[in-house]
Structures are given as C-alpha cells and as structure tokens.
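Colleague: Below you'll find the structure I mean.
The values are calculated or read from the model by the stated rules, or taken from the named source; none is laboratory data. Predicted model, so just to flag it, every value in this text is computed and none were measured. Counting neighbours? That spans all protein chains shown, and the Cβs are built from the backbone with ideal geometry, glycine included. Each accessible area value is taken on the protein alone, full model and side chains, heavy atoms only, with ligands, DNA and RNA left out. Shrake-Rupley method; radii C 1.70, N 1.55, O 1.52, S 1.80 Å.
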Amino acid sequence: MGIIKKTNMKTFIVCLLVLGVAFAAHETVQPSIGAGGLSLAEIKKYNELKETKWGKIFIGLAEVHLGAAGPIQRLIQALEDLIKELNTARSDENNRFETKRATHEANVQNLNSQIGAANSEINSNRVKIQSILEPKKQQAQEDIARDTQIVAEKQENIRSSTSNRKKDHADFENRISEHNAAIAAVDESLQLLGTLAKNKPSLLEFKKATMSFKKLELQIRKTHVTEIPFVEALISLAMNQDVNQDILSEIIQKLNKLRSRLASSVQLETENEAAAVKAFDELIVQLNKEINDSKNNIQRNTVLI
C-alpha cells in the first residue's frame, strides 16, 4: 500500500473523523449546513477528501455500510488500522532512509579519508622522487655539456687532421716528383758518362756532360743536401778532360749507387705515405666513433631532463 504524504495526513484524518461522526449520527453521506450538520470548513475538507483517491474509496465504503445499515465500528477500526499501518510504513521508510544516509555519510567519510591518505602519500613520494631525480638531472646536464664539447673538439680535430693530411700528401707528391727528377738527372749523367768512357769525348760531348751534371747538382740540392759534396766531387772528376777510363768507370759506379739511394728514398717516401694514410683513416674512424658515442650520450641524457 502506498504512503500518504505527511502534509496531507492531518487533513485526511480530520475528514475521516468527520465521516465517523456523520455515520454515527446516521446522516446521509452528503453533509448539510446548519444545526446538526457540518460547518463550512468541514464541508470544504469533505469536498477536498472526495477529490483524492483514498477519499473516494472510503466515502464509497461508508455509503455501502450506511446503505446496508451495517455497524460503523468495523469501518472505524479499519480506518484506525490503516492509519497505524501507514504510520508504521512511514516510520520504516524513515528508518531505511536514515540507515542509507548514515551508510552514505560513512562511505563518504571513508573515501575522503582514503583520498587524503593517497594525496599525502603522493606528496611524500613526489618529494622522494625529486630528491633522487634532481641530482641525476643535474648530472645529466653536466654530461650533456661535456659531451657537446667533446663533439665540437672531435669535429675540429677531424677538420684539422683532414687539412694536414691534404697538405702532407701534397708535400709527398712534390718530394716524389723531385726524387724522380733527380733519378732522371742521374740516368742522363750515367748515359753521357757511358759515352765518354767508350770514346774520347769531343768538346760538344763535354759541354753536354757539364750541363747534365749541373742539372743533377740542382736536383740533388732539392732532395738530398747531404749528397752535394759527393756529387760536386764526381762532377769535378768527370769534367777533367784528362780523366782516364778507370776514373770514369768509378764515377759511373758511384752514380749508380747514388741512383740506388734515390730509388730507396722514393720507396721509403711511398711507404711512409701509405702508413700516414692508414693512420689518418684509422684516426677518422675513431674520431667519428667517439662523436657518435657522445651524441648518443647527449640523446640519452636529454630524455632524463
């Protein structure tokens, strides 16, 4: 059975009492105004009751009882039992409501307590994390600065080493060119001396030999300064028109040894250049590796900050 609102309960009870009085006096269901009848206020309450669902039901029941001339006491008892049941239902509903409200408030309090504890733990952990991460962040920034400087230094090293290697290679090619020119001058001198050793030289042949020896001296001065006294002595002997064949043969033999020394020098220069190229290539590989390592360190430390 539904619950009558508290605001309508008083009106409902008053109307029921009015009906009870009317039934007890064996009046008709439709009340009259005046002596022995209902007041205007009671009539108004009666009419309001007729407009309600429960009012219609109970007025109908009253009319049935009156029509049947049955005892009114049972109706009054039924009404009292209904009122009691309604009050009990309302009390139970209020109790359930209060119980649910108390449970809700307890849950809210518990949740607020948990939220407060969680916030406190979050703040505490934040402080701990910052105390751990801040030194790491500072160290990461220092490492980034260091690796950035390393990258710049290594790149500058590559540029300077490449420039020096180009210059050294150019010097090498120049030395090889001068050595080859000196060897060519020795070969030319040997050829002329071979001619002089076979035949009595003419004045023109001596002139050619003189020019060849001067050319040889000039080339030797560019590459082997230590050989200059030896070459000058050979030239002095070779230019003596009275030189005999044995001396010419000795000069030719010494020039061949000079040529061998020049050829060995070319070989040594070539080997040194190959070693320098290898060392340069290895250096560039190592520098690029160190640059890449530093760049990787920078990238990894950037993530930390």
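Colleague: Of everything in the range 172-187, what is in contact (Cβ under 8 Å) with a residue 60 or more places away in the chain and open to solvent by 50 Å² or more (accessible area, probe 1.4 Å)? Give them in sequence order.
Modeller: Arg175, Asn180, Asp187 - these are the residues of the range 172-187 that are in contact (Cβ under 8 Å) with a residue 60 or more places away in the chain and open to solvent by 50 Å² or more (accessible area, probe 1.4 Å).
Colleague: Would you mind stating whether Arg159 is modelled with pLDDT of 75 or more, basic (Lys, Arg) and surrounded by 14 or more Cβ atoms within 10 Å (Cβ to Cβ)?
Modeller: No: the conditions fail for Arg159.
Colleague: Any idea how many residues of the range 254-303 are surrounded by 17 or more Cβ atoms within 10 Å (Cβ to Cβ) and among the small types (Gly, Ala, Ser)?
Modeller: 2
Colleague: Return a yes/no flag: does the range 265-286 have any residue that is in contact (Cβ under 8 Å) with a residue 12 or more places away in the chain, among the basic types (Lys, Arg) and either touching a Ser or Thr at 6+ places or on another chain (Cβ under 7 Å) or part of a helix (DSSP H, G or I) (or both).
Modeller: Within the range 265-286 (the criterion being in contact (Cβ under 8 Å) with a residue 12 or more places away in the chain, among the basic types (Lys, Arg) and either touching a Ser or Thr at 6+ places or on another chain (Cβ under 7 Å) or part of a helix (DSSP H, G or I) (or both)), the answer is no, since none of the residues qualifies.
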